[in-house]
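Below: the structure, in structure tokens.
The values are calculated or read from the model by the stated rules, or taken from the named source; none is laboratory data. If you're wondering where the values come from, they're calculated on a predicted model, not measured in any experiment. Glycine also receives a Cβ, built like all others from the backbone with ideal geometry; neighbour counts cover every protein chain displayed. Ligands, DNA and RNA are excluded from the accessible area calculation, which covers all protein heavy atoms including side chains. Shrake-Rupley method; radii C 1.70, N 1.55, O 1.52, S 1.80 Å.
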Amino acid sequence: MLPQKAAAASEKELKPQKVNRWLKLLSMCSMLLVLCIALCGSAQAETLDITIDTAGEGGTMDSLRLLFIFALIALAPSLLIMMTSFTRIVIVFSFLRNALGLQQTPPNQVLIGLALFLTFFIMHPVFTEMNETAIEPLSDGLIEQEEALELVQLPLKEFMLKQTKTADLNLFLSLKNEGAALEEINPDELLGLGLEVIVPAFITSELKRAFVIGFLLFLPFMVIDMIVASTLMSMGMVMLPPSMISLPFKLMLFVVVDGWSLIMEMLITSFY
């Protein structure tokens with residue numbers, strides 16, 4: 001017993017020493033890192049001159065443009081989710097994963113990344129038109145900021161109006177008490193509506209379409225679950241979970257019919 005106690009006591013004495021050594025090593029590494037950053041900064045300071053002068057006339061960026069850029073960066077995630085095709089795509093992918101019976105495969109990062117790239121593919125003509133009609137003329141000084149802000153909204157409004165259902169737009173128009181009910185949506189005639197009406201109507205329509213697509217995705221996999229469950233019940237295998245047996249069949253069906261290509265093609269063509 002005494003040797004064991006002595007060994008335990010010696011280990012307790014050695015632990016603080018090891019911790020102190022690691023702390024010294026980390027502090028030295030951090031000092032070296034700060035020194036390298038300082039040297040790199042001093043080396044680049046001679047060739048790189050970046051100034052943001054918000055007071056004088058010769059500044060590279062005035063205060064209003066700087067404030068607008070900061071506000072746009074803060075609102076970028078909300079704009080991406082609420083005013084593009086991202087909502088429908090990511091909801092359909094979530095329904096697909098639940099229909100297959102998979103919990104964390106594919107991971108959320110993969111689904112969100114795939115939804116982002118599909119969104120960029122679908123919205124590329126809209127972004128190109130926004131750049132050509134508003135952003136480039138503003139950068140060249142051909143138009144003012146107020147005019148650019150109005151022009152940059154037009155391609156987004158046209159895209160959202162094409163995907164908005166008439167009933168949803170009538171709902172928000174009636175809630176706002178703005179005009180009579182519409183019989184059909186003509187984007188060229190409704191571009192004068194504000195984003196406070198178009199965006200919630202567009203989101204409502206996108207949620208409806210995403211849930212309808214999710215319901216249609218569930219049907220074939222639900223049939224497989226019912227067949228497997230009835231087969232197990234007829235064989236007397238009551239204690240065996242049907243989901244464990246049906247999962248390989250659902251994966252095999254999804255791979256055989258090239259499900260990922262069909263899902264992506266369906267999502268892309270649904271916006272055109």
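Observations
- Cα gyration tensor, segment 113-213 - rounded (a/c under 1.5), prolate or oblate: oblate
- Split the accessible area of segment 164-254 by element, probe 1.4 Å, and carbon with sulfur accounts for 72%.
- Applying 0.36 nm per residue to the separation of residue 136 and residue 114 and subtracting their alpha-carbon distance, the gain on full extension is 5.0 nm.
- Label-to-label distance, residue 219 versus residue 145, with points set 7 angstrom from Cα along the beta-carbon direction: 5.2 nm.
- Of all accessible heavy-atom area on segment 72-112, the percent that carbon and sulfur account for (1.4 Å): 72 percent
- Label-point gap, in nm, between residue 270 and residue 231 - each point 7 angstrom along Cα→Cβ: 3.0 nm
- Nearest-0.05 FRET efficiency for residue 260 and residue 177, computed from C-beta distance (R0 45 Å): 0.45
- Formal net charge of residues neighbouring residue 204 (Cβ-Cβ distance under 13 Å; K, R +1; D, E -1): +2
- Look at the alpha carbon pairs under 8 Å that are at least 6 residues apart: their mean separation over the length of segment 72-202 gives a relative contact order of 22 percent.
- Spin-label proximity, residue 251 to segment 70-108 - amide N less than 14 Å from point 7 Å beyond Cα toward beta carbon: 100-107
- Under 5 Å, built H, 5+ apart or other chain: amide partners of residue 165: 205
- Under the Karplus curve 6.51 cos²θ - 1.76 cosθ + 1.60, θ = phi - 60°, whole-Hz ³J(HN,Hα) for segment 161-173, x wherever Gly or Pro sits: 5, 5, 9, 9, 7, 5, 5, 5, 5, 5, 4, 6, 5
- Restricting segment 112-147 to GluC sites (Glu not before Pro) that sit in a DSSP loop and have at most 16 other Cβ atoms within 10 Å of their own Cβ leaves 144.
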